[in-house]
Amino acid sequence: MRKLTLGDRFLPHQHIRIENEVGIKISDNIKDFISEYADLSVKENKFINNDGKLFEISQFITYRMMYDFIKEFKEEGLGKKLPFAIDNGGWIFCISFDEESMDKILLYQMEMEWETKNDAFELVANSFEEFINGLREETAISL
């Protein structure tokens, strides 16, 4: 059977709208990654951080989900974050564009009791590239 061509999952005007909403400039390599993997799941979905903690991606998110979370972050005063994936519990992986955590990957822990707004985010990786390059299949991880 023939293979069909996938439609674009993230259009250039959507990147512009996201950049304008957050007030950031997204690098081309991140735009390309988001465009390719938006709304998909991958087998390489496990990441172990420097502290040995395991994180798992359920799927990369859609433009609509990304835009909705960005609006929520603004309304809640949670800073400039670019959400890009969710875990199995619905928590959100984000790239930080805040000065104190620039380029770091943070996990937004919704519906938890925080002492401060900064407690809403847990450090996962020091960069998007480190995070993506560190993703492994479950069988490749010895726990």
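The values are calculated or read from the model by the stated rules, or taken from the named source; none is laboratory data. Worth saying up front: this structure is predicted, and the values here are computed from it rather than measured. Glycine also receives a Cβ, built like all others from the backbone with ideal geometry; neighbour counts cover every protein chain displayed.
Worth pointing out:
- Residue check for Thr5: within 13 Å of the chain's Cα centre (by Cα) and farther than 22 Å from Glu129 by Cβ: no
- Residue match in the stretch 64-73 (condition: modelled with pLDDT under 95, among the aromatic types (Phe, Trp, Tyr), surrounded by 13 or more Cβ atoms within 10 Å (Cβ to Cβ) and over 20 Å from His13 (Cβ atoms)): yes
- Only a single criterion out of (1) farther than 20 Å from Glu130 by Cβ; (2) among the small types (Gly, Ala, Ser); (3) surrounded by fewer than 18 Cβ atoms within 10 Å (Cβ to Cβ) is not satisfied by Gly79, namely (3).
- Subset of the stretch 46-68 (residues that are farther than 14 Å from Leu106 by Cα and among the hydrophobic types (A, V, I, L, M, F, W, C)): Phe60, Ile61, Met65, Met66
- Applying the criterion of being surrounded by 16 or more Cβ atoms within 10 Å (Cβ to Cβ) and of a type outside the set (A, V, I, L, M, F, W, C) to the residues of the stretch 32-61, the residue that is nearest to the chain's Cα centre (by Cα) is Gln59.
- Counting only strands (runs of 3 or more DSSP E) wholly contained in the stretch 1-113, the ones carrying 2 or more residues that are touching a Cys at 6+ places or on another chain (Cβ under 8 Å) occupy 81-86, 105-108.
- Some residue of the stretch 106-122 being more than 11 Å from the chain's Cα centre (by Cα), modelled with pLDDT of 95 or more and surrounded by 12 or more Cβ atoms within 10 Å (Cβ to Cβ): no
- Whenever a residue of the stretch 30-44 is closer than 14 Å to Asp87 by Cα, its partners that are of a type in the set (Lys, Arg) and surrounded by fewer than 16 Cβ atoms within 10 Å (Cβ to Cβ), lying with C-beta atoms within less than 6 angstrom and at least six residues away or across chains, give the pairs Glu44/Arg136.
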